[in-house]
Amino acid sequence: MSTETNQQSHQILRPPVVVIMGHIDHGKTTLLDCIRSSNVVAGESGHITQHIGAYEVEKNGKRITFLDTPGHESFSQMRQRGARVADIAVIVVAADEGIKPQSLEAIWAAKDANIPFLVALNKIDRPEADANRVKGELAEHEVLVEGWGGTIPIAEISAKTGVGVPELLDLILLAVEMEELTASPDEPGTGIVVESHRDRKRGVVATLLIKNGTVRKGDWIQSGTECAAIRVMENSDGDAVEEATFSSPVRVLGFSEPPAVGDDFQVCANKKEAEALRDAPVKVATDTTSNTAEEGVLVVPFIIKADVAGSREALEGEIAKLNTEKLTVKILRSDIGDIADDDVKTASTASGSAGSLIVGFRVRVTSSAQTLAERFSVTIHTSDIIYELLDWLREELLRRTPKEIVHTEIGALQVLKIFKKEGKSVVFGGKVMRGILKKGASFEIKQGDEIVGTGTITNVQQSKLDVKEVEAGNECGLAATFSGKMTAGDVVSVFEEE
């Protein structure tokens, strides 16, 4: 890192923060794995990045901080947050698959954040790879790379073999030289909360990205509604450090509650100043329904539990999309941590016409909570892969959605004579006016808009012979189960149900 100092502002050149973005399974984390020469992706469920990781590397004596963001569509807010925090973006596109929905979303996020970006064309070693096709697709979406009439840098790489990765790092360093990124190490540290969660053994852990100044162990920091003295501070390798400065990601312990992901943080002179700057807590209602659900709409109460704040945020967004005309999702609680007794008790007492659900992402269920759930008939489902959890949710809600019965008229008959009516049985004769009349079909009799009788045809006779159906223009005799009123001259509407 250069140490040229601006004497007036005490600003020095700082390392860049680079966000890695792209479609699911296009090799974002494998690229970071290659850069850091460690196996990050093997620790992710289903080999998919589930939340932002922040890592520091060194190239030609210069530090670079990388952010890895999820590719699944549910994590769009996390990708946008990554772009907002970073100085430059690397859009990873698989050379064998080309542009995908999250590829475009990543490009839009970088453009919206007004940061420069370059393209890493990954998996170039695969037989199906077609670099020119992908460059053409990029051009179709107004991303003109070098060699295709544009100025956006592009590197053809294989994150698996390492081919082209050193050249990609050189492109990154070249791109940020033009930005002249500066910061001051003498100022109190400020930055953004990248992630936060509640660890079973260590308590609340927050990942911070320092944008300016210096943060030291023991400092009081304030973020949103939370403030804390830093008890433990670790670098991206998990090593304890006494201080860290701009462009560095650090994990800190000391908060009593997880700070909100995406909130700014700042170092304060003391506890009094931190508490004075703290935002007033705002009670946010997670209930996505009105106080009174519309008649006929199924209400499904939900409790969401996740491992980290970013995952919880993604789940909230996805579950809110599940509302339909016939089903309304009601989020009772959304929190970080394992599924415990109180979650089950809250779910069991919730008012809802379809029973409560508790969904957990990368969390466990305590044994006592499992026992309570069985006792109160509360459904709990957990998963370590978000799209599998969402697939299960959609199927479960579809199963609970009331089925709509559609009546399709297949014919109509005019009653000519009633031969016998005893209890719920009736024998009558008539003429088919339109369509057909079938054995086993249902029917109803209307007088104006009022239904005065309903039944099901149990037998059909034509010329005293049993038949399955009778077409329009023919007379027949019928036996049916029936309730209501029937008189000669009535028109019977015959229908099938689906």
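The values are calculated or read from the model by the stated rules, or taken from the named source; none is laboratory data. What you see is a predicted model, and the numbers here were worked out from it, not measured in a lab. Note that we place each Cβ from the backbone using ideal geometry, even for glycine, and neighbour counts take in every protein chain shown. The protein model used for the area step is the full one, side chains on, heavy atoms only, and it has no ligands, DNA or RNA in it. Shrake-Rupley method; radii C 1.70, N 1.55, O 1.52, S 1.80 Å.
Does segment 156-163 contain any residue that is open to solvent by 30 Å² or more (accessible area, probe 1.4 Å) and farther than 18 Å from Asp25 by Cα? Within segment 156-163, one or more residues are open to solvent by 30 Å² or more (accessible area, probe 1.4 Å) and farther than 18 Å from Asp25 by Cα. For Leu138, the test of being open to solvent by less than 80 Å² (accessible area, probe 1.4 Å) and over 19 Å from Arg36 (Cβ atoms) is passed. Given (1) closer than 21 Å to Arg434 by Cβ; (2) in a strand (DSSP E or B); (3) not basic (Lys, Arg), identify the lone condition not met by Asp466. The one condition Asp466 does not meet is (1).
Counting only strands (runs of 3 or more DSSP E) that sit wholly inside segment 230-280, those with at least 2 residues that are without any contact (Cβ under 8 Å) to a residue 60 or more places away in the chain and open to solvent by less than 40 Å² (accessible area, probe 1.4 Å) are 232-234, 249-253. When segment 297-337 is limited to residues that are among the polar types (S, T, N, Q) and touching a residue at least 60 places away in the same chain (Cβ under 8 Å), the one that is farthest from Asp199 (Cα to Cα) turns out to be Thr324.
Among the residues making up segment 448-473, those that are open to solvent by 60 Å² or more (accessible area, probe 1.4 Å) and out of contact with any Asp or Glu (no Cβ under 8 Å at 6 or more places or on another chain) are Gly448, Asp449, Glu450, Thr458, Gln461, Ser463, Lys464, Leu465, Asp466, Lys468, Glu469, Glu471.
Okay, residues lined up against (1) in contact with a His (Cβ under 8 Å, 6 or more places away or on another chain); (2) within 16 Å of Val163 (Cβ to Cβ); (3) open to solvent by 30 Å² or more (accessible area, probe 1.4 Å):
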| residue | (1), (2), (3) |
| --- | --- |
| Ile91 | no, no, no |
| Ala94 | yes, yes, no |
| Gln102 | yes, no, no |
| Ala109 | no, no, no |
| Ala113 | no, no, yes |
| Pro116 | no, no, yes |
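Taking the criterion of being among the polar types (S, T, N, Q), within 31 Å of the chain's Cα centre (by Cα) and surrounded by 19 or more Cβ atoms within 10 Å (Cβ to Cβ), the residues of segment 211-228 that qualify are Gln222, Ser223. Residues that are more than 30 Å from Val470 (Cα to Cα) and open to solvent by less than 90 Å² (accessible area, probe 1.4 Å) within segment 389-412 comprise Leu389, Leu390, Asp391, Trp392, Leu393, Glu396, Leu397, Arg400, Thr401, Pro402, listed in sequence order.
Taken over segment 36-64, the criterion of being modelled with pLDDT of 80 or more, open to solvent by 30 Å² or more (accessible area, probe 1.4 Å) and closer than 17 Å to Gly162 by Cβ is satisfied by Glu58, Lys59, Asn60. The set of residues in segment 351-382 being in contact with a Lys or Arg (Cβ under 8 Å, 6 or more places away or on another chain), open to solvent by less than 30 Å² (accessible area, probe 1.4 Å) and over 30 Å from Phe495 (Cβ atoms) consists of Ile358, Val359, Gly360, Phe361, Val363, Leu372.
Output the residue which, of all residues in segment 425-442 that are open to solvent by less than 90 Å² (accessible area, probe 1.4 Å) and not in a strand (DSSP E or B), is farthest from Gly489 (Cα to Cα). Looking at residues that are open to solvent by less than 90 Å² (accessible area, probe 1.4 Å) and not in a strand (DSSP E or B), I get Gly440.
Please go through segment 177-188 and give me each residue that is under 13 Å from Val18 (Cβ atoms) and at pLDDT below 85, ordered by number.
Residues of segment 177-188 that are under 13 Å from Val18 (Cβ atoms), as a first pass: 179, 181.
Selection gives Glu179 alone.
Would it be correct to say that Arg198 is of a type outside the set (Asp, Glu) and either closer than 23 Å to Cys34 by Cα or surrounded by fewer than 17 Cβ atoms within 10 Å (Cβ to Cβ) (or both)?
Judged against the criteria, Arg198 is not a match.
Restricting attention to segment 197-222, the residues that are closer than 16 Å to Arg278 by Cβ and in contact with a Ser or Thr (Cβ under 9 Å, 6 or more places away or on another chain) total 2.
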